Structures are given as structure tokens and as C-alpha cells.
Amino acid sequence: MHDTITIALGLASFDVTHEPKTVLSVGGQKVTLTRGRITEELLRTCPHCGQAMDIHQEHEVTLKHIPLQMRPHLLRVSRKRVRCRGCGYLQMQNIPFKDPEHRMTKHLRYLVERRLSEGYTLKAVSRDLGVHPSIVKEVDKSRLLRMFPTKRPDKYSEYIAIDEFLLLRGHRYATVVLDLSEGHVIWCSEGKKKQQVADFIQDMGEDWMRHVKAVSMDMNAQYDSAFRELCPWIAVIYDAFHLVKLYNDRVLTAMRRRKQNELAEEGDQKGYQLYKGSRYIVLSDRKTLQQKDEKARENNRMLDAMTLRGKKWPAGARKMNASNERRLDELLGVNDDLNKAYFLLDQLKAAFQETDPKSLFRGLRQWLHMAFESGVQEVVAFARTIRKRIRSLVQHAIHPISSGKLEGTNNLIKTIRRQAYGFRDTEYFFLKIKEASRKPYYQYQSHRILS
């Protein structure tokens with residue numbers, strides 16, 4: 001009847017019977033309503049008894065379609081049902097453009113899935129396309145299950161990394177496994193115990209695990225013992241990043257806090273002020289502090305030159321502190337134990353530059369000797385930890401892998417959770433993590449045409 005509108009909609013076997021009009025929804029929102037009918041040919045002969053089929057009823061169904069003129073668009077589709085004169089067999093006209101799972105068109109579902117794949121949140125897709133958030137979530141989860149039909153990845157991995165991340169408040173954690181060569185999350189599960197590693201190995205299968213050479217992790221005893229028992233051919237590597245982080249937390253930070261508390265109890269305000277706000281300085285490498293001081297001096301020289309010329313400083317410009325290295329020397333000069341601990345950290349980093357296992361082993365043994373000789377209680381306690389795990393630390397020379405990519409993935413996980421204001425469906429959350437780890441980095445490209 002309305003050929004122009006029918007062609008514009010582009011829906012197969014659908015004929016628009018009324019002009020589209022604007023109506024109000026139950027919530028008071030303006031909605032575009034288009035009425036039409038299915039033009040698919042009716043069944044004339046019963047497939048069971050061969051007798052004639054008569055039109056029995058006519059039904060209407062309302063489907064959501066792609067928004068029209070920035071408004072939600074509803075299609076009120078009329079279709080007929082035929083009935084056999086002999087056996088009473090019933091058949092309804094098929095709607096070829098209806099989504100099989102929801103009361104929406106396939107075109108709208110495709111648009112929803114495309115928006116979600118581009119990184120839009122459920123709330124944004126729901127608002128822009130006029131679909132309920134729970135429906136958007138079901139569509140997205142169905143899309144992700146098609147992307148990841150099985151837990152086992154398509155490719156083998158030689159090097160993997162495993163770590164835990166906070167799932168929910170109340171000390172509820174989850175385990176994540178990353179393929180270090182591709183940077184893809186290959187497995188997630190709730191919990192951070194030995195059982196999670198056993199479940200991972202079972203889901204991957206022995207054939208897949210036989211291709212893994214090494215796994216990088218922090219000093220998690222549960223993960224370590226599980227891999228050694230269930231997959232003894234896989235080398236367990238303690239990441240140097242986590243080792244340095246552990247040293248910073250258990251040694252340098254603990255010593256700084258202990259000394260600062262002692263000075264506060266003694267009432268030594270001058271000594272207390274020296275330690276106050278020194279966390280960054282104590283935990284930073286000397287080379288890093290030198291670079292920061294040089295950058296601060298260049299900034300200050302530029303601002304002084306602008307002041308002499310009578311020019312106004314740029315918005316947000318300010319003088320920067322260029323005495324970070326000097327303050328580090330003051331701290332190390334007044335605290336001999338902190339000086340020893342800082343020196344031992346540099347030696348530990350240097351030891352991990354070795355690429356020969358025997359040289360790394362000798363370097364760690366020498367470091368342990370110096371650590372025990374230092375007499376600093378925090379350093380001695382950390383040295384005992386190193387001595388227990390020296391076997392896995394030496395493996396770093398054979399397989400120089402790092403969990404750096406996994407640490408970046410943990411930040412990605414936090415971003416996904418923050419954007420969604422949390423997830424109730426854990427399975428859906430894990431699927432979103434897998435998808436996000438596979439998205440390529442977006443970089444704007446100019447659309448200008450070459451002349």
C-alpha cells in the first residue's frame with residue numbers, strides 16, 4: 001500500500017499498511033509506530049491430509065526496530081493463521097525478519113551487537129536504541145558465547161601467566177590466565193586456590209598443556225604447588241617485577257614505617273619530617289630520580305626565563321621539586337640499615353640481568369650471603385623467602401618471561417568493572433574480559449582523500 005515506506009524499511013515480505021505516526025509509550029516517551037502486514041504466501045493444501053486450508057485467524061505482534069528519526073521505532077505486524085478443513089492442522093505465517101529469541105527485528109539485533117562489540121556499555125546501547133538493559137545483556141552474552149564456544153583456545157601456547165584479581169568486596173578473588181605471546185586472556189574462574197589450577201588444566205586438556213613450556217606468576221604457593229604436582233614438565237617462573245614489588249613492600253616500606261613510628265614516639269619532629277612523604281623517593285631507582293630532577297630543573301629554568309621576559313606562565317604551569325636525589329642521600333646517610341637495604345635491592349636487580357642459569361644461581365647465592373650478613377631484620381626475613389624459592393628464580397634465566405602483560409590486563413579488568421558499575425553475572429564478566437583482551441588498539445586514521 002505504501003510502497004515508498006516499504007522499500008525504505010527494507011524488510012522482506014512486509015507491506016506497510018498505515019502511515020508511521022508518533023505515539024506515547026506507557027512511560028511517556030514518544031515512539032514511532034509503523035503498521036504493516038506479512039505478504040508471504042499462505043499454505044493452500046494441508047501437508048498431512050491434503051485437504052484445503054482456510055484463513056482461521058489474524059494476529060498482531062509488536063516488534064522493536066531500528067530507531068527512526070532518533071526515536072524508538074515499533075513495528076505492529078499483522079499475520080494470518082490458516083487451518084485445515086479435515087484434520088484441523090494450524091500454521092501461522094512466518095515473520096522472516098523477526099529475531100528468534102526476542103521481540104525485535106534481526107536488523108535491530110545486529111545493530112545492538114555491533115554497538116556492544118565497539119565497546120558501548122549496556123546502558124548506552126539501551127538508551128540509544130530503546131531496548132531494555134536486561135535484553136541488551138542477554139544479546140551481548142549470546143554474542144560472546146558464540147565467540148568463545150569452548151573454554152579451550154584455538155591455538156597452543158608456549159608461555160602463560162597466572163594471577164588473581166579482586167572479584168567482589170569481602171576478599172572474593174578470581175584467577176586469570178594469559179597467553180603471553182598473544183596477550184589474550186584464555187581462562188578465568190572464581191577463586192585463587194589450588195583447585196582453580198586443577199580446573200584450568202582439566203579444561204585445557206593434557207595435549208594442550210604439553211605444549212606449555214613455562215608459567216609466570218607471583219610467589220603464590222597454591223599456584224606453584226599445583227603446577228609442580230599436575231604438570232611437572234612446566235617450568236614455574238617467579239616474575240622479577242613481583243619480586244621487586246615484594247621487596248619494596250616487605251623491606252623498604254616496612255623499614256621506613258618502623259623508623260618513622262620510632263621517631264614519632266621519641267618526639268623527634270625534625271627526623272620525622274625527613275621521613276614523611278618519602279615513600280616514592282625510597283622506592284624509586286636512583287636513575288629515575290636523576291631523570292625526574294633534570295626534568296624539574298629544565299621546567300624551572302623555562303619558567304624563570306619567561307618571568308624575566310615578562311611573559312605569562314602557561315595555564316597549569318608551576319615550579320617543580322628538583323631535590324629528590326639529594327633527599328634520598330639524606331635518608332640513606334642518617335639510616336645505615338636503609339642504606340644497606342637500598343644497596344641490596346640494586347644488587348638483586350643486577351642479578352636478574354644474567355641470562356645463564358649458573359651465573360644467576362651464583363649471583364643469588366652471593367646476594368643471600370650479603371643479605372644475611374647485613375643483620376637487618378626485614379632483609380633477613382626476605383632472604384629466607386628467596387632461599388626457599390631459588391629454584392624458580394633461577395628458571396628466569398632459561399625462560400626470561402614476565403607478567404607485565406598480565407598486570408596490564410588486571411588494569412583492564414578494573415576498567416571493565418568500573419564502567420559497568422560491577423557485574424552480578426560472573427560468567428558474563430569473564431566473557432567480557434576475554435573479548436576486551438582481544439580488541440586491537442584503536443588509532444585514528446585520517447579520512448582525507450589523496451589528490
Theoretical gain in end-to-end length, ARG326 to GLU427 [0.36 nm per residue, Cα-Cα removed]: 31.2 nm
Over the residues of the range 73-166, compute the C-alpha Rg and express it relative to 2.2 N^0.38 Å. 1.64
Evaluate 2.2 N^0.38 Å with N set to the residue count of the range 107-147, then give the Cα radius of gyration divided by it. 0.99
With each label point set 7 Å from Cα along the Cα-Cβ vector, what nm distance links MET92 and LYS287? 7.1
To the nearest 0.05, what FRET efficiency results for LEU145 and GLN443 with a Förster distance of 22 Å applied to their C-beta separation? 0.15
Relative contact order for the range 3-98: what percent, with Cα pairs under 8 Å and sequence separation of 6 or more? 26
Inter-site label distance for HIS369 and ARG391 at 7 Å from Cα along Cβ, in nm: 2.4
Counting only residues 5 or more places away or on other chains, whose amide H sits under 5 Å from the amide H of ALA214 once H atoms are built in the peptide plane? ILE160, ALA235
Order of GLU330, GLU113 - criterion: other Cβ atoms within 10 Å of each residue's Cβ, fewest first: GLU330, GLU113
With an 8 Å cut-off on Cα pairs and a minimum separation of 6 or more residues, tell me the relative contact order of the range 107-147 in percent. 39
For the range 224-238, Karplus couplings with θ = phi - 60° (6.51, -1.76, 1.60), whole Hz, Gly/Pro x: 4, 5, 5, 5, 5, 7, 8, 9, x, 7, 8, 6, 8, 10, 8
Across 5 Å bins from the origin, how do the percents of Cα pairs in the range 1-137 run, short distances first? 2, 10, 17, 18, 16, 13, 9, 7, 5, 3, 1, 0
Rounded to the nearest 500, what is the chain's calculated 222 nm mean residue ellipticity when only DSSP H runs of at least 4 contribute -39500 (n - 2.57) each, over all residues? -14500 deg cm²/dmol
Taking +1 at the Cβ of each Lys and Arg and -1 at the Cβ of each Asp and Glu, which of ASN94, VAL26, GLY10 sits farthest along the dipole of the range 3-98 towards its positive end, judged by Cα position relative to the Cα centre? VAL26
Give me a comma-separated list of calculated 3J(HN,Hα) values for the range 389-396, in order, Karplus coefficients 6.51, -1.76, 1.60 applied at θ = phi - 60°, integers in Hz, x for any Gly or Pro. 10, 5, 4, 6, 6, 5, 4, 4
Kirkwood Rh and Cα-based Rg: tell me the resulting Rg over Rh for the chain, rounded to two decimals. 1.16
The Cα extents of the range 111-191 along the principal axes, largest first and rounded to whole Å, are 44, 35, 18
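Just round it to a whole percent: the fraction of Cα-Cα distances in the range 244-398 exceeding 24 Å.
48
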Calculate the length of the line joining the C-alpha centroid of the range 411-447 to that of the range 225-275, in whole Å. 31
Here the range 208-216 yields Karplus 3J(HN,Hα) values (6.51, -1.76, 1.60; θ = phi - 60°; whole Hz; Gly and Pro given as x) of 5, 5, 5, 7, 7, 8, 8, 10, 9
Is the range 407-451 rounded, prolate or oblate when judged by the Cα gyration tensor, a ≥ b ≥ c being the square roots of its eigenvalues, rounded requiring a/c under 1.5 and prolate requiring a/b larger than b/c? prolate
Got the relative contact order for the chain handy, in percent, Cα pairs under 8 Å and 6 or more residues apart? 11
What FRET efficiency would be calculated for the residue pair ARG210, LYS414, taking the C-beta separation as r and a Förster radius of 25 Å, to the nearest 0.05? 0.15
Name the trypsin sites (Lys or Arg not before Pro) in the range 189-220 that are in a loop by DSSP and that have at most 16 other C-beta atoms within 10 Å, would you? LYS193, ARG210, LYS213
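For a Förster distance of 45 Å, can you work out the FRET efficiency between the beta-carbons of ASN300 and ASN261, rounded to the nearest 0.05?
0.85
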Exposed-loop cut sites defined as chymotrypsin sites (Phe, Trp or Tyr not before Pro) in DSSP loop states with at most 12 other Cβ within 10 angstrom; longest site-free run of the chain spans 1-232
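Here, each number is a calculation from the coordinates, and none is a lab measurement. Model, not experiment: these values are computed from the prediction. Every residue, glycine among them, receives a Cβ derived from its backbone with ideal geometry; neighbour counts consider all protein chains shown.
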